[in-house]
Structure formats: C-alpha cells, structure tokens
Amino acid sequence: MSIRLDGRVAAITGAGAGLGRSHALLFASLGAKVVVNDLGATLDGRGEAQSAADAVVEEIKSQGGTAVANHDSVADETGARRIVQSAITQFGRIDILVNNAGILRDKSFAKMETQDFLAVLAVHLHGGFHCCKAAWPHMLEQKYGRIILTTSPSTNGNFGQSGYAAAKLGLIGMMNCLALEGSKHDVLVNAISPGAVTRMTERVTPPHLLRYLRPELVSPAVAWLASEACRISGQTIAASAGGFSRVHAFETRSVQFDPELEITVDMIDEAFPRISDLSAAVAVQPGPLGDVEERLRSIGRLGVVGEGSSHG
C-alpha cells in the first residue's frame, strides 16, 4: 500500500521556508491541495512579506501540484480563521492542519523582557489554539480531521528558550485534551518534535551535523500523521537526522501512603529515593486522575472496580 493524500486539503502554517516548506512540497506531491500560509516575518516575528508563501506556491505548481498562498498571522484570531477559510473557499473543505509557524526571541531569563516572552507564546501557543479552534468545527462536522502540532526538544531544557519551551510544552497539554475530544469524530491530534536545520537553528547547529538535519527528513513523519493510515492520537513523534521515535511522559511507581492518616514531611524525605526511582516507571495515563483509584484499592481504601469512584 502506498500512502497518499489524494483529495485531502491541508493548511500548513509557517510554510514559506524550512520545515513548513518541506511539508508543503511533500504533501502536494502526495496529492493534497495545500494552503501555504506564511506571514513572511523575520525570525523574531517582526515585519511581513508575501513573497515567501508565494514562492512555495509557485514551486508546487511547477511540479504539477495544487496550492494557494495565505499571508495571515496565526497570532491573530481573525487571521487564523482566514487561513482555514482559504481552504474552505478555494477547495471546499479542510482535512489537515499542520501548526508549524514560529518565531524566536532567545534570551536568558534574567535578560528577557516580558514582551518577548508573550510574543513567543502568541505565535506558538496562541497561534496553535487559534488555528485549531478555526478548523475544529469543520473537522467535527465532516467527521474527519488530522491535526499536527509542532513541539520541540527544547521542552527538555535549552538555555535562553524559556518562552519557546513553555509555549511548545503548552501545545502538548492542548494536544492531550483535543485527542480525547476529537477521537469519536475521527479527528486525530498529534505532535511532531523535529530536529532540523532551518533559519531558527542554523546558527547553533554543529557544522558536522548540518547535512544530516535536513527538513525533508522530518516531513515523511508529518505526512504519515496527516494520512488516513494514521490511527493514533495524542502522541508525539520525534524526528531528526532520519531517526524517529515516540516521546511520552512517564512517572515513577507511586509510594502510596494511607490518605486517611497523617502524612508528614519526614515521611516524604524518607521515601524520596523510592518516589524518584525510575526503574519501575510507567507511561502516564490519559486524564487528570491517572492511576489514583488503582492505588487506593491497593491499600484497601476503595472496593473492587464498580464499588467506588474517586470522582465522589
């Protein structure tokens, strides 16, 4: 079986260069009709130029594909609606949304201005929300959709990127909730955590790795997440230098005290080596309560399944 995107309509933000351009070219080559969105701003999000998106559209058309340009900002709610409306107006529907647009304003936390932190959140986190919000009702109504959010390995920590990492991890929290809400409508929401040389990263990438961190080595994973073959939701796929993996949050096995008795600070201190022991870590469970009922049953504070509920 050959994975194709024939008949599907995709909106890809920040598609005028780098990863977004690579995604757009691949999607179009697989048969998708593509809305190429790019404000044409500088790396720090200032200014705008329509030439970036227009050039990618012409490149797609020259290769026999179908695409239109959109120059709105994802950071603006009205702009995000216009991105989605471009797909509806030009192609009659929207099946795929790739939230890829981004800016950088890297500074150490001590030197960062509040406006820089908020500007990064506005594009990455708020922009992801605005675009998802605009596409969501269309996807629910047609009972089909694929949304790919772009997160980052910087969520693990990277000097000078507190705003960027906060926004990227915020998208993961949103993804986890949307995955639950969209599943019964076949609207699947996943994330890509890419490692690629773009204008955002070229200055800090070791020279000997440049040839291996090409954006086109990430795009196949994004295209798969955007396809009908994808049946997962709420997952993050890391992609860099031709390597692919699943990223997931884990937690250690809980040290369970009796919640009907006093729990002291000294008890936490004594138990902390076991609390932090990763040897028996398990994947975090969906939902806010995790394994709380199972733990309470293990010490006899709840009956068998069906006899009690931690929801009250």
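Here are some notes:
- Region 54-109-region 136-176 distance, computed between alpha-carbon centres (Å): 16 Å
- Hits among lysines - C-alpha to C-alpha of residue 107 under 19 Å, sequence gap 8 or more where chains match: 168
- Max mean-square fluctuation residue, GNM over the chain, Cα-Cα springs under 10 Å, options 233, 22, 276: 276
- Spin-label model distance (nm) - residue 256 vs residue 279, 7 Å beyond Cα toward Cβ: 2.1 nm
- Added length on full extension, which subtracts the Cα-Cα distance from 0.36 nm per residue, residue 183 to residue 293: 37.2 nm
- Backbone HN-Hα couplings from phi across region 287-301 [Karplus 6.51/-1.76/1.60, Hz, Gly and Pro as x]: x, x, 9, x, 9, 4, 5, 4, 5, 5, 5, 5, 10, x, 8
- Helix-only CD estimate at 222 nm, as mean residue ellipticity for the chain, using -39500 (n - 2.57) per DSSP H run (n ≥ 4): -11000 deg cm²/dmol
- Computed over the chain, relative contact order equals 14 percent, with contacts defined as Cα pairs under 8 Å that lie 6+ residues apart.
- Chymotrypsin sites (Phe, Trp or Tyr not before Pro) lying in DSSP loop within region 122-175, provided at most 13 other Cβ fall within 10 Å: 159
- Here residue 111 is the anchor, and the aspartates and glutamates within straight C-alpha reach of less than 18 Å, apart from those fewer than 8 places off in the same chain, are 44.
- Helical segments meeting 18 Å axial Cα length and Kyte-Doolittle -1.0 threshold in the chain (DSSP H): 77-91, 127-142, 162-182
- Checking the cross-link pairs 33/143; 61/133; 33/184 against a 21 Å limit on the alpha carbon distance flags 61/133; 33/184 as lying beyond it.
Every read-out reported here was derived from the displayed coordinates using simple, explicitly stated rules and does not represent laboratory data. For clarity, every value in this text was computed on a predicted model and none was experimentally measured. Because the Cβ atoms are built from the backbone with ideal geometry, glycine has one as well, and the counts that use them run over all protein chains shown.
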